[in-house]
């Protein structure tokens with residue numbers, strides 16, 4: 001019997017950890033030679049990109065087990081695996097994978113791929129550690145126990161192994177895909193705005209610890225670090241189970257499907273709406289109101305919405321919205337105005353990011369120059385004068401302007 005036939009037969013007997021013909025493992029064991037060669041090429045590309053080392057067959061088996069979302073793995077993500085029928089089924093599957101790990105692959109390129117090395121690789125150490133654990137397991141039970149420990153520590157599938165996601169429409173629903181090579185920014189990298197960062201951190205920690213937490217609106221002048229703050233908070237707390245899904249303005253119809261996909265998972269999700277604002281004739285804000293509070297598609301308890309906007313009330317206000325305003329006491333009577341303002345009111349925490357004063361701007365410039373070494377090119381007085389000239393020419397004064405000035409010094 002050919003080796004690939006043996007591999008395919010073992011995989012076909014799996015129940016919980018079944019691998020379809022469209023998966024990489026399924027294609028590596030396909031009966032057609034061309035399909036196997038194409039899968040081998042993809043395997044090498046993935047290994048070089050992800051920093052896999054050693055036996056690529058074992059790495060591929062590990063990936064299949066780590067990413068398999070099934071009733072057993074999803075249960076292990078939330079609690080220690082009980083000795084029930086799911087455990088028994090998983091143990092039967094692990095006997096198959098134990099045999100797959102034990103196969104001696106010496107044919108064709110597999111001889112080389114058993115000793116794969118990539119220079120300057122920056123692989124997922126925990127994933128590689130799982131591979132070592134599964135390789136060293138003396139029994140299928142030991143292999144399953146090691147896998148369960150990985151599920152509890154890291155999670156399972158796309159949402160467990162990734163941290164930041166974007167969405168795209170596919171087959172009438174939403175497909176999430178991880179964002180790669182994102183900046184490793186932290187809250188301390190954002191100079192100033194200490195009170196704002198503390199409010200954001202405290203709300204996020206309350207949400208992570210199982211508290212209610214609030215939907216958050218970060219509003220204020222452009223370039224003040226609103227989006228950076230949200231990206232930083234996710235980078236800092238991703239190891240504790242925080243995840244971020246960025247949804248663009250033209251994708252709001254995908255939100256119900258996104259909520260269905262993340263509901264019940266053992267993570268806390270931030271639905272990130274960057275640069276949230278609506279013009280007078282747009283009505284999508286009505287849909288968002290229903291999602292945030294009181295609608296049939298309301299966000300589950302493990303999801304909060306974090307949004308940034310340059311507008312305090314999100315929706316552009318027109319003078320004709322104020323035609324029936326009572327000026328004494330400044331009370332809005334206009335139904336249109338009240339409907340628009342009610343969207344912003346659904347953010348329980350609203351954090352204002354104002355443009356820095358001239359001295360605050362100079363402080364940001366000095367801090368950035370010190371971090372990057374650019375300040376060594378100029379005396380403090382020269383740096384201050386050049387920064388002042390730069391912000392006048394750019395027509396704005398913000399953290400972004402300061403960063404652009406420092407970057408220009410480095411060129």
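The values are calculated or read from the model by the stated rules, or taken from the named source; none is laboratory data. Since we're looking at a predicted model, the values are computed, not measured. Glycine gets a Cβ as well: all are built from the backbone with ideal geometry, and neighbour counts include every protein chain shown.
See the values below:
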| quantity | calculated |
| --- | --- |
| Strands (runs of 3 or more DSSP E) (entirely within the stretch 166-275) containing at least 2 residues that are surrounded by 13 or more Cβ atoms within 10 Å (Cβ to Cβ), at positive phi and not assigned by TED's automatic domain parsing to the domain that holds residue 291 | none |
| Counted residues, the stretch 171-213 - those being touching a strand residue (DSSP E or B) at 6+ places or on another chain (Cβ under 8 Å) and within 22 Å of residue 261 (Cβ to Cβ) | 11 |
| Residue 317 out of contact with any helix residue (DSSP H, G or I) (no Cβ under 6 Å at 6 or more places or on another chain), at pLDDT 70 or above and either closer than 30 Å to residue 399 by Cβ or assigned to a loop (DSSP other than H, G, I, E, B) (or both) | no |
| When residues of the stretch 276-308 are limited to those that are over 26 Å from residue 209 (Cα atoms), surrounded by fewer than 22 Cβ atoms within 10 Å (Cβ to Cβ) and in contact with a strand residue (DSSP E or B) (Cβ under 6 Å, 6 or more places away or on another chain), the one modelled with the highest pLDDT | 277 |
| Failed item, numbered, when residue 105 is tested on (1) farther than 16 Å from residue 46 by Cα; (2) at pLDDT 80 or above | (2) |
| Residues located in the stretch 77-95, provided they are under 14 Å from residue 264 (Cβ atoms) and in contact with a helix residue (DSSP H, G or I) (Cβ under 6 Å, 6 or more places away or on another chain) | 77 |
| Single condition residue 353 does not satisfy, out of (1) surrounded by 14 or more Cβ atoms within 10 Å (Cβ to Cβ); (2) in contact with a strand residue (DSSP E or B) (Cβ under 9 Å, 6 or more places away or on another chain); (3) at pLDDT below 85 | (3) |
| Among the residues listed as 368, 383, 378, the single one being at negative phi and touching a residue at least 40 places away in the same chain (Cβ under 8 Å) | 368 |
| Candidates 26, 8, filtered to the one that is more than 31 Å from the chain's Cα centre (by Cα) and either part of a helix (DSSP H, G or I) or farther than 19 Å from residue 155 by Cβ (or both) | 8 |
